[in-house]
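See structure below.
The values are calculated or read from the model by the stated rules, or taken from the named source; none is laboratory data. Computed from a prediction, not measured in an experiment: that's the story for all the values here. Here Cβ is always computed from backbone atoms with ideal geometry, including for glycine, and neighbour counts include all displayed protein chains.
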Amino acid sequence: MTGRLITAAALVLGLAGAAAAGDVAGTWTAEFDSQIGVQKYTYVFKVDGETLTGTATGERMGDTVEVEITDGKVVGDKVTFTEMLDFQGQQIPITYTGTIAGDEIKFTRNVGEFATEEIVAKRKKD
């Protein structure tokens, strides 16, 4: 009986992790102040298993740029991905590490070796 209980508990926990990963899919927005001023972002996330793909569209300094998300993963409530910034022809990785909680993702955003920012993305409601 104990073996069945452990197996059932493991199954429930596994399904809970899968449900959290699926909860990331959709459109999220963030607005935050940075070293270069206020930035507004829209993230469109797609999830297949633990693989995260999609786009990040940023508005900064009067420009709007959309890039593909790379190296994306969702494991349980943890979300990670990279956005490549083209700065004067040089590619700078912006890496995100976050935790999803309901309709918010709290991210740590590392802009190359230049800056680290704490931001919150919120699920866009239809």
*Scan Val74, Val67 and give me the residue that is closer than 15 Å to Glu50 by Cβ, in contact with a strand residue (DSSP E or B) (Cβ under 6 Å, 6 or more places away or on another chain) and of a type in the set (A, V, I, L, M, F, W, C).*
Val74
*Kindly provide the set of residues from segment 102-126 that are small (Gly, Ala, Ser) and modelled with pLDDT of 95 or more, ordered by number.*
Ala121
*For Thr64, indicate whether it is surrounded by fewer than 17 Cβ atoms within 10 Å (Cβ to Cβ) and in contact with a Ser or Thr (Cβ under 8 Å, 6 or more places away or on another chain).*
yes
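So which residues in segment 103-117 are charged (D, E, K, R) and either in contact (Cβ under 8 Å) with a residue 24 or more places away in the chain or surrounded by 13 or more Cβ atoms within 10 Å (Cβ to Cβ) (or both)? Give the derivation first.
Filtering segment 103-117 for residues charged (D, E, K, R) gives 103-104, 106, 109, 113, 117.
Hits for segment 103-117 are Asp103, Glu104, Lys106, Arg109, Glu117.
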*How about segment 67-102: which of its residues are in contact with a helix residue (DSSP H, G or I) (Cβ under 6 Å, 6 or more places away or on another chain) and either exposed (fewer than 15 other Cβ atoms within 10 Å of the Cβ) or under 17 Å from Gly26 (Cβ atoms) (or both)?*
Val74, Asp77
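Across segment 94-116, what is the number of residues that are within 14 Å of the chain's Cα centre (by Cα) and assigned to a strand (DSSP E or B)?
Just the residues of segment 94-116 that are within 14 Å of the chain's Cα centre (by Cα), to begin with: 94-110.
Next, only the ones that are assigned to a strand (DSSP E or B) stay: 94-101, 104-110.
Residues that pass the stated criteria total 15.
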